[in-house]
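Here the structure is laid out as structure tokens; the discussion comes afterwards.
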């Protein structure tokens, strides 16, 4: 399944799911002093971006080192996305990532795994390995998607109050439905390439 800049951007936004993660953002940042929240949020976004960029740039080398084919990565990435999508539709994640003891989050859980989770890592790896000649397009899409996620993270409390808990939940479920279709398409594309294009 080939992507354009716009489709890659939409896919990354669906995987990062910044609006669906609003309750988690609010829950994790509640224990952080108000004057520190902006700095912590920016730091976590930069860390998550660095992790995903490393996976994107090192994608081909990683596949070669692990002796993995693009087809297996496509199917595996689709399965992971499908699991994430089902979780988005049927459950919430705030209780999973609740902050312990009011400690300031560092890397876990905001940067990894909330923003740079397994599904996001698999997605950027897949984008880079499927169309390596368009690497800078994918870097641009990732940068913009992370910028959007950063804005949502910075304004999480305000957005949640403005939209309301029910609207946030509805947005997460809608994004989950779209991501389900994307995941199934990735699985089918990987299986098709495995059985009909083994070269």
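Take every pair of alpha-carbon atoms less than 8 Å apart whose residues are at least six positions apart; their mean separation over the length of the chain yields a relative contact order of 48 percent. Average 1/r across all pairs of distinct alpha carbons in the chain, invert it, and you get the Kirkwood radius: 17.2 Å. Each principal axis of the Cα cloud of the stretch 147-199 was evaluated for its coordinate range; sorted largest first, these ranges are 52, 23, 7 Å. Measuring between their Cα centroids, the stretch 1-65 and the stretch 169-199 lie 20 Å from each other.
Since every read-out is calculated from the coordinates, none of them should be taken as a lab result. Being a predicted model, the structure only gives us computed values, none of them experimental.
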